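Q: After the structure tokens below, expect a handful of questions from me.
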Amino acid sequence: MDNARTGRRAVAWIVAGAVVIVGIVVAVALAARPSGDAAVAGSASPTAGDVCGGVADQSIALDQQVVGPEPRTCFVLAERRQVTVGAAALEPDDAVVLAVLDVDGTELGGAQSEAGWDPEVSLTLEPGTYVIEVTGTAGATPPFLIYTATFPATAEEPADAAQLPPLDACGADVPTVRDDAPVTVSAAAGESAAHYACLEIEEAGFVKVGLASAEPSDQDAPDLQLAVYRHGEQPTLVRTADDAIGLDPEMSLDLEPGTYLLEATAWFDLPTGEFEFYVDDDADLFRRGEVTSLHADATAALCADAPALAPGEAITVDGEGTYVCVTVPSDQRLTLEAATLSDQDLVLEVIGFEDSGAPYRLAFADENPYSDVLANVDPLIDQVLPAGTWLVAVTTYYTGVAADYDVAVQPAVAR
């Protein structure tokens, strides 16, 4: 996938036309692990007065899909959660603008349609009432649908232990994944909603974990998600990851000694298909994925004119600019961060080049995994980068040209 915040997925296959959507809407499950029962057919109360205090024309329940709602809807959140909200026009030639606001009218996040993609926003929200606004890009709002999905919000929140394998299942019913022993999930086993692997950490360290599917760039393949839990009497969610290498998730994070549970699911509760759990605890595994289509024609020659950075340096890009080049003298854990100086939602992509000259993706981020700020628009990559010169692309959330931002490359510290 080109750009992906948590769960971003083009829903054009859902909205290819009004006739198609009516036929399949009852079969679509929104989230792999919703906070409540996932109602998918999508209904909403006729007015919002009783539920949302009159801040919108229509109230909706979370973790469902609603076809043909009012342009302004609302929902009530009972506990702190990560909430994904998406919208899609029912006609493929129409485009919409999505915004999520608080009850005071402050916009917390927004996005708009792009060719082949539909707007989606993911936010960590406190308990309260929120408003979803959908408008047309050319004036009148076309027919559309909205969907929502909710997930645990922070690493401190306990997982739902009833839905996770117990600790004593590790090494028995649940296989253990190691650096030298990935765990394969077969196509036959892929019919269930979730798959698990256990990870034993003996010494604190920086560890990369991910899911590797056969065709990570196939837009018709399952869109995989990965969650890492610290296992024990009460499992706790450490972090989640979505698209990093195509539709495959990957994350690098500091882990203390202990037992961890890796959970693999696919968006919309679809079967995961065949894939591998993998772990890298000695920084020698570097996957190569397809670059965002915007950079498909990029070449190493761009570094001749692009701003140059080394570890420990930072620059400000004045006006429009897409590329900077980072030279790493030896394999090193670094943080790369882009920070907007205006109101842009930025995306980072680290690009290398094959011997043939073709570009490949080494790393990608459209948010800061360490940030709990609602408007998480400044992406950060914390990863071991191999020695060499890397092309770093800075664009906006929907592959637009970025302007007026800072880029910093710093030696990383354990978090």
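The values are calculated or read from the model by the stated rules, or taken from the named source; none is laboratory data. Note that the structure is predicted; figures quoted are calculated from it, not measured. Neighbour counts run over all protein chains shown; Cβ positions are idealised from the backbone, glycine included. Side chains are part of the model used for accessible areas, which takes the heavy atoms of the whole protein and leaves out ligands, DNA and RNA. Shrake-Rupley method; radii C 1.70, N 1.55, O 1.52, S 1.80 Å.
Q: Provide the gained length on full extension for the span residue 401 to residue 234, in nm with one decimal, where the gain is 0.36 nm per separating residue minus the Cα-Cα distance.
A: Value of the extension gain: 55.6 nm.
Q: Could you report region 358-415's accessible area per residue, 1.4 Å probe, as an integer in Å²? Don't skip to the answer; put the middle values down first.
A: Working: 1970 Å² over 58 residues.
Value returned for region 358-415: 34 Å² of accessible area per residue.
Q: Please label the shape of region 303-415 as rounded, prolate or oblate, based on the square roots a ≥ b ≥ c of the eigenvalues of the alpha-carbon gyration tensor (a/c under 1.5 means rounded; beyond that, a/b larger than b/c means prolate, else oblate). Don't skip to the answer; put the middle values down first.
A: Numbers: a/c = 1.57, a/b = 1.21, b/c = 1.30.
Note, shape of region 303-415 comes out oblate.
Q: Counting only protein chains, not ligands or nucleic acids, how are 107, 233 ordered by accessible area (probe 1.4 Å), most first? Present the calculation step by step, with values, prior to reporting the outcome.
A: Working: 107 115, 233 185 Å².
Largest accessible area first, the residues go 233, 107.
Q: Once a ≥ b ≥ c are taken as the square roots of the eigenvalues of the Cα gyration tensor of region 218-304, is the result rounded (a/c under 1.5), prolate (a/b larger than b/c) or oblate (a/b not larger than b/c)?
A: It is oblate, given that a/c is not under 1.5 and a/b is not larger than b/c.
Q: Compute the distance from the alpha-carbon center of region 354-415 to that of region 182-242, in whole Å.
A: Here the answer is 22 Å between Cα centres.
Q: Shifting gears a bit: Please work out the FRET efficiency for the pair residue 137 and residue 341, using the Cβ-Cβ distance as r and a Förster radius of 45 Å; give the result to the nearest 0.05.
A: Values: r = 26 Å, r/R0 = 0.58.
Step by step, r from the Cβ atoms, then E = 0.95.
Q: Moving to a separate point now. Using Cα centres only, tell me the gap between region 91-150 and region 323-343 in whole Å.
A: One Cα centre to the other: 31 Å.
Q: Students sometimes get this wrong: rank 75, 353 by accessible area, probe 1.4 Å, all chains present, largest first.
A: Result, largest first: 353, 75.
Q: Go through region 66-82 residue by residue and turn each phi into a ³J(HN,Hα) via Karplus (6.51, -1.76, 1.60, θ = phi - 60°); whole Hz please, and just put x for glycine and proline.
A: Result, ordered by residue: 10, 9, x, x, 5, x, 10, 10, 9, 8, 10, 10, 8, 8, 5, 9, 8 Hz.
Q: Given a 1.4 Å probe and every protein chain left where it sits, what share in percent of the accessible area of region 260-406 is carbon and sulfur?
A: On the way: 2820 of 5900 Å².
Solvent-exposed carbon and sulfur of region 260-406 make up 48 percent of the total.
Q: Tell me, what is the per residue accessible area of region 82-144 in Å², probe radius 1.4 Å?
A: 39 Å²
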